[in-house]
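Participant: Starting off with a structure, shown below.
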Amino acid sequence: MFRKIFGSALLAGLIAGVVASALQHAFVVPVLVEAEAYETGDIVHFGGVSPADAAHDHGDMAAAHAHSHADAASAGFDWERFAFTTLATIVTFSGFGLMLVAGFALAERVGVAPRASVVGVLWGLAGFAAVQLAPAMGLAPELPGSAAAEMGARQTWWLGTILATAIGLALAALSRSPAIALAGIALIAAPHVIGAPHPDAFAGVAPPELSSLFAARSLGVGAIAWAVLGGLAGMFWTRDAQGEHHGGAAA
Amino acid sequence: MTTTTKTLSQTQTGTLAILAALALGAFLVFGAGLAQSAALHDAAHDTRHAIGFPCH
């Protein structure tokens, strides 16, 4: 069982993480880096690399020769930032994969685990809805330099929304009782009835055009990456289950 | 090994494996996504924004 859960989850998480970080580097990071140029009087991330250069020289391989750890600002393309972002995204999606496949294993006990990769894709999209889409409806994905309420309150609402949406979706989608399904839908709605914490006034320095582009791309990239994660995890899980059926022992 | 023992031990291993996967998964996501350590924050900064974690 250990090998089945961790094998499926980590391999799917690794591949989905690579896909997610490639899409992030192509669509999300350039917007983020451009927004940092507008962010004044705030923390300077990554040793003061010129955001404008990083945005426009994105993908310039030759610039790598000028790079050194002490002087990241001189490089047109920040390999350190690229590497850390890639690593952090792979780690994050490996974590998502472990929790998604733990969900498969729990669902298997009541006979509703995915038995095809296409069902895995639906699980992945449910994960996307719980972890990214539902929280984004209250707290939009934030550019550096956006105005927001106090972080503790946001994190509490964010985490509560993820849990409520995940449990609510599981009840609504997997239960055969209409009453429990309705309770699941109510649970999904609850965080939005309560409402997300917002600042008293909006005074962010990030341009609204960039912010909306960032939010849309962040959600689009997330949806694709979660679908890949769920589809692969479902495929590996189904394959392992068939292996067990043909006499392979669960580890 | 009788069928009964095998099923029982598999169920127990299963519960442990599920809990371990949930715990490690949560640890990885919180470490990359929410931990307030400056080093982790800087390294995971773009990922946090891209996935929509409430970061700072």
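Just so it is clear, none of the values below were taken in a lab; they were calculated from the coordinates. Values in this document were obtained by computation on a predicted structure and should not be read as measured data. Cβ sites come from the backbone with ideal geometry, for glycine too, and all protein chains shown count toward neighbours.
Participant: Label-point separation (nm) for A:A186 and A:S212, each offset 7 Å from Cα along Cα-to-Cβ?
Facilitator: About 3.7 nm, to one decimal.
Participant: Further question on the same structure: For peptide A:95-105, what's the mean number of Cβ atoms from other chains within 10 Å of each residue's Cβ? Intermediate values should be presented prior to the final figure.
Facilitator: Working: counts 11, 5, 3, 10, 8, 2, 5, 10, 4, 2, 6.
Mean shielding count: 6.
Participant: A follow-up question, please. Taking the Cα-to-Cβ direction at A:A173 and at A:I194 and moving 7 Å from each Cα, how far apart do the two end points lie in nm?
Facilitator: Modelled inter-label distance: 2.2 nm.
Participant: Here is a follow-up. Each residue of the stretch A:234-240 in order: what ³J(HN,Hα) in whole Hz does its phi give by Karplus 6.51 cos²θ - 1.76 cosθ + 1.60, θ = phi - 60°, with x for Gly and Pro?
Facilitator: 3J(HN,Hα) across the stretch A:234-240, in whole Hz: x, 5, 5, 4, 5, 4, 5.
Participant: Compute the distance from the alpha-carbon center of the stretch A:152-225 to that of the stretch A:1-22, in whole Å.
Facilitator: About 24 Å separates the Cα centre of the stretch A:152-225 from the one of the stretch A:1-22.
Participant: Can you list the HN-Hα couplings for the stretch A:96-108, worked out from phi with the Karplus curve (6.51, -1.76, 1.60; θ = phi - 60°), rounded to whole Hz and with x for Gly and Pro?
Facilitator: Each residue of the stretch A:96-108 in turn: 4, x, 4, 6, 5, 6, 4, x, 4, 5, 5, 5, 4 Hz.
Participant: As an exercise, identify the chymotrypsin sites (Phe, Trp or Tyr not before Pro) in the stretch A:138-238 lying in DSSP coil whose Cβ has no more than 14 other Cβ atoms within 10 Å. Could the numbers behind the result be given before it?
Facilitator: Details: sites: A:W157, A:W158, A:F202, A:F214, A:W226, A:F236, A:W237; in loops: A:F202.
Answer in residue order: A:F202.
Participant: Follow-up question, since we're still on this one. Which whole number gives the average, over all residues in A:77-84, of C-beta atoms from other chains lying within 10 Å of the residue C-beta?
Facilitator: Numbers: counts 0, 0, 0, 2, 4, 1, 1, 8.
Partner Cβ neighbours, averaged per residue: 2.
Participant: I need the phi-derived Karplus couplings for the stretch A:128-136: 6.51 cos²θ - 1.76 cosθ + 1.60, θ = phi - 60°, integer Hz, Gly and Pro marked x.
Facilitator: Going residue by residue, I get 4, 4, 6, 8, 10, 5, 5, x, 5 Hz, with x marking Gly and Pro.
Participant: Sort B:34-41, A:17-24 by the packing proxy (mean of other Cβ within 10 Å over each peptide's residues), most packed first.
Facilitator: Working: B:34-41: 12.8, A:17-24: 22.1.
Taking the mean over residues of other Cβ atoms within 10 Å, the ranking is A:17-24, B:34-41.
Participant: Next question. If the chain between A:A203 and A:E150 were fully stretched, how many nm would it gain, using 0.36 nm times the residue separation less the Cα-Cα distance?
Facilitator: Working: separation 53, 0.36 × 53 = 19.08 nm, distance 1.40 nm.
My answer for the length gained is 17.7 nm.
Participant: Next question. Which distance in nm do the two modelled labels at A:A107 and A:R3 give, with both placed 7 Å along the Cα-to-Cβ direction?
Facilitator: With each label point 7 Å from Cα toward Cβ, the separation is 2.5 nm.
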